[in-house]
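First comes the structure, then the notes that go with it.
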Amino acid sequence: MAQLKQPPFRIGIGFDAHRLKSGRKLILGGIHIPHPLGLAGHSDADALLHAVADALLSTAALPDIGTLFPDTDPRFKDADSKELLRQAYARVRAKGCRVCHLSCVLVCDHPKLSAYVADIRASIARILRVPNDAVGLSAKTTEGTQLALKNKSIAAFATCLVMQDVK
Ligand code: MG
């Protein structure tokens with residue numbers, strides 16, 4: 001029996017979370033957000049770009065960024081996550097996939113991130129060379145539910161739709 005042709009779309013999901021600590025810059029979506037605390041991690045700990053990179057890599061069934069850029073490797077110490085995302089997307093492009101749309105959620109009680117949403121969307125769009133409206137982002141608080149503790153951590157979810165190049 002002939003195999004059905006696969007549709008040219010693929011989806012991916014990514015998640016990441018980092019702890020907040022003093023003495024670090026807060027970088028989210030590739031932009032600096034003025035705040036007394038920043039995210040702890042081996043790289044710049046940009047939880048949103050890490051979730052986006054994992055969503056992208058997942059569309060092509062590639063290994064996640066923890067595997068590609070391990071936190072035991074000194075080359076990635078304080079790494080700029082914009083560059084990690086560019087490298088992750090280059091691997092996805094090499095598999096013939098191109099971003100159609102990203103949809104992301106930031107979970108953070110403090111600082112309030114709504115004022116930065118437009119800049120973060122533009123930043124991600126710039127890195128991936130897609131229009132700004134190909135990146136959706138909402139910034140959510142946890143309303144005291146303690147899913148993310150105030151001043152303790154920031155989490156991010158990302159989903160991605162890619163289209164495979166027509167051969
Ligand atoms: Mg991370």
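Here are some notes:
- Residue pairs whose Cβ atoms lie under 6 Å apart, sitting 6 or more positions apart in sequence or on different chains, and linking a residue in the stretch 97-121 that is more than 30 Å from Q164 (Cα to Cα) to a partner that is surrounded by 15 or more Cβ atoms within 10 Å (Cβ to Cβ) and basic (K, R), are V107/K140.
- Filter pass, G96 being under 15 Å from the mean Cα position of the chain (by Cα) and surrounded by fewer than 19 Cβ atoms within 10 Å (Cβ to Cβ): no
- C97 vs. criteria over 18 Å from F15 (Cβ atoms) and among the hydrophobic types (A, V, I, L, M, F, W, C): yes
- In the stretch 7-33, the residues that are touching a residue at least 60 places away in the same chain (Cβ under 8 Å), of a type outside the set (A, V, I, L, M) and more than 13 Å from T59 (Cβ to Cβ): F15, D16, H18, R19, G29, G30
- When the stretch 7-22 is filtered for residues that are of a type in the set (G, A, S), away from the ligand (no atom under 14 Å from the Cβ) and within 12 Å of the chain's Cα centre (by Cα), only G12 remains.
Every number in this text was worked out from the coordinates using simple rules, so none of it is lab data. Computed from a predicted model, the values in this text were never measured in an experiment. Backbone-built Cβ (ideal geometry, glycine too); neighbour counts: all protein chains shown.
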